[in-house]
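This report concerns only the one structure given below.
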Amino acid sequence: RTVAARGEAIKKPADVGEAAYARDAFAKGIYDRAFSWLVQRINSNINFKAGYGEETRVIGVLDIYGFEIFENNSFEQFCINYCNEKLQQLFIELTLKTEQEEYQREGIEWEEVKYFNNAIICELIDMNATGIIAQIDDECLRPGDATDSTLLERLNNRFKGHAHYESRETSRSDKSLHLDMFRLKHYAGEVSYNVKGFLDKNIDSLFRDLKHAGYSSTNPIVHAIFPDGEAIKEASKRPVTAGTAFKQSLAELVANLMTKNPHYVRCIKPNNKKSPGIFDQELCTHQVRYLGLLENVRVRRAGFAYRQTFETWLERYKALCPKTWPSYKGPAKDGVALIMKEMRLGPDDYRLGKTKVFIRSPKTLFDFEEARESKFSKMAVIVQTAYRGWIARKKWKKLKAAIKIQLKWRSYKSKKYFHVLFAAYKDGKSRPDYG
């Protein structure tokens, strides 16, 4: 094993236990990197490449693992629950906080709904230099004999008195916590984590020599999944821990989701037995509460179900008012007010903000759509009538021309017959020879 010591690379022999540990870490590293390589290859092959000047539109599906509370929760459950915590924070930002802020920004009067913002829990876990992940990293990389017990002691000293952190040391009256456990009060409930194995699972256990061995492989896939094995000489650079890598990856995911227009599908687990036909009311009620569905419903009921800019609304429903059809030259807000007056809506059915119109009930929106469809049906009849009239006139013109030609020809034939008849009468013939 190559160890960095003051900028120098020193070879350190490994005993049997360390060698077995390195062997297992190398096997897990190959599996992890091969899986990531496979996902990247699939994404690359199915990726849509827009042409020049084309706009790229993406529909993505994010299927995340649920919140986990087991009898024994370790570093894996800590990362999974942290992921759910961040995505719940995103849900709050996009559906609850953002919506209420929009009402304030548009000057809409309404009754504010209180909700639990879990930003304090996310900061407890991922705050730079002071969060739990940062404390685990510092304990992994500090000089001396670092153990899981010293990590727990470090966490106790740092977060003693925090409203969402507990341990036997910080809460001596709580005997349900073991000496090697700490408890976090997540939005979904309290979860006790056993610190045993935290440092071992967090630290980069894949030695640089093994990365270099993978990079030197003649197998093209193994060579490709170990690009960091090329820089074996940079032994002084600290490797990224598992917790920090997970935190960075989650931050990239959240940043990507913030640029999208998300639609949520909340799944409720009916029972813990994974059996059909069993509905555990207490379990389902608990999930509905910690998923924030009650707060979301209250915000939706207290607020407005639909909102749209004045320009878009006027363009779509301008046919409903004679004063705005076929075009309205004044301010879009005034045009929308004329449409609302024509539809005879009450003052509680809608609100006009600074830039948007807000519709309280979905039924009102459905009424607008039905009225628009009926208007278009009448317009379609008018268009059909005009088109059929044009077709009839065009056909009549052709028919009229044919009749004129027929009249001219018959007139010519009659005149010619008359001349022949007259000539025969002069010659004394009783029957003229008419070809």
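The values are calculated or read from the model by the stated rules, or taken from the named source; none is laboratory data. Computed from a predicted model, the values in this text were never measured in an experiment. Every residue, glycine as well, gets a Cβ built from its backbone with ideal geometry; the counts of neighbours run over all protein chains shown. Areas reflect the complete protein model, heavy atoms only, side chains present, ligands, DNA and RNA absent. Shrake-Rupley method; radii C 1.70, N 1.55, O 1.52, S 1.80 Å.
In order along segment 336-350, the Karplus-derived 3J(HN,Hα) couplings, from 6.51 cos²θ - 1.76 cosθ + 1.60 at θ = phi - 60°, round to 5, 4, 5, 5, 4, 5, 5, 7, 6, 7, x, x, 8, 7, 7 Hz, and Gly and Pro are given as x. Seen from MET340, the other residues with C-beta closer than 13 Å to its C-beta sum to a net charge of +2, counting Lys and Arg as +1 and Asp and Glu as -1.
Ranking of ARG316, ARG57, ARG158 by solvent-accessible surface, largest first: ARG57, ARG158, ARG316 (1.4 Å probe, protein heavy atoms only, all chains present). Cross-link candidates for LYS416: which lysines have Cα within less than 21 Å, leaving aside residues fewer than 8 places away along the same chain? Within reach: LYS404, LYS408, LYS426, LYS429. Taking each of LYS12/LYS196; LYS211/LYS247; LYS49/LYS356; LYS97/LYS363; LYS211/LYS273 in turn, the alpha-carbon distance tops 31 angstrom for LYS49/LYS356; LYS211/LYS273.
The phi torsions of segment 160-172, fed into the Karplus equation with coefficients 6.51, -1.76 and 1.60 and a -60° offset, translate into couplings of 5, x, 6, 5, 10, 10, 9, 7, 5, 6, 7, 9, 5 Hz, rounded to whole numbers, with Gly and Pro shown as x.
Note on ILE42 and LYS175: with the Förster distance fixed at 41 Å, the Cβ-Cβ geometry gives a FRET efficiency of about 0.20.
Electrostatic tally near LYS363: other residues with Cβ closer than 11 Å to its Cβ, Lys and Arg +1, Asp and Glu -1, net -3.
For the chain, what is the calculated [θ] at 222 nm in deg cm²/dmol (nearest 500), taking -39500 (n - 2.57) for each run of four or more DSSP H residues and dividing by its residue count? Walk me through the intermediate numbers first.
Details: 15 runs with 227 residues, N = 435.
Theoretical 222 nm ellipticity from helices: -17000 deg cm²/dmol.
Accessible surface of TYR115, taken over heavy atoms with a 1.4 Å probe and every protein chain present, rounds to 60 Å². For the chain, the residue among GLY353, ILE405, MET379 whose Cα projects farthest onto the positive side of the dipole built from Cβ charges is ILE405.
For segment 19-32, the Karplus equation 6.51 cos²θ - 1.76 cosθ + 1.60, evaluated at θ = phi - 60°, returns couplings of 5, 5, 5, 5, 4, 5, 5, 5, 5, 5, x, 5, 5, 4 Hz by residue, with Gly and Pro reported as x. Solvent-accessible area of the chain (1.4 angstrom probe, protein heavy atoms only): carbon and sulfur portion equals 55 percent. Backbone N atoms of segment 348-379 closer than 17 Å to the 7 Å Cα→Cβ label point of TYR387 belong to residues 376-379. Each of TYR290, PHE304, SER275 was placed along the dipole of segment 249-324 (beta-carbon charges, centred on the mean Cα), and the one lying farthest toward the positive end is PHE304. For segment 261-328, the Kirkwood estimate of hydrodynamic radius, built from reciprocal distances between every pair of different alpha carbons, is 16.1 Å.
Placing unit charges on the Cβ atoms only, positive for Lys and Arg and negative for Asp and Glu, gives the chain a dipole magnitude near 5420 debye about its Cα centre.
Could you grab the relative contact order for segment 296-342? Cα pairs under 8 Å, six or more apart, rounded to a whole percent. Don't jump to the answer; show the numbers that get you there.
Working: 28 pairs, mean separation 16.4, N = 47.
Dividing the mean separation by the residue count of segment 296-342 yields 35 percent.
Give the residue from ILE221, TYR417, ALA245 lying farthest towards the positive end of the charge dipole for the chain; charges sit on Cβ (+1 for Lys and Arg, -1 for Asp and Glu) and the dipole is referred to the Cα centre. Toward the positive end, the furthest listed residue is TYR417.
Scanning the chain for GluC sites (Glu not before Pro) in DSSP loops with at most 16 neighbouring Cβ atoms within 10 Å leaves 235-435 as the longest stretch between them.
Counting heavy atoms of the protein chains alone, THR218 has an accessible area of about 140 Å² for a 1.4 Å probe. Build a GNM of the chain with springs between Cα atoms under 10 Å apart, and of VAL297, VAL222, VAL195 the one that fluctuates most is VAL222. Charges were assigned to the Cβ only: +1 to each Lys and Arg, -1 to each Asp and Glu. The resulting dipole of segment 54-148 about its Cα centre is roughly 40 debye.
Dimensions of segment 118-216 from C-alpha coordinates, computed as largest minus smallest value along each principal axis and given longest first, are 55, 29, 22 Å. Distance from the C-alpha centroid of segment 167-199 to that of segment 247-317: 30 Å, rounded to the whole angstrom.
Calculated accessible area for the chain comes out at 68 Å² per residue, all protein chains present (probe 1.4 Å; ligands, DNA, RNA ignored). Only protein heavy atoms count here; on that basis, with a 1.4 Å probe, TRP390 has an accessible area of about 120 Å².
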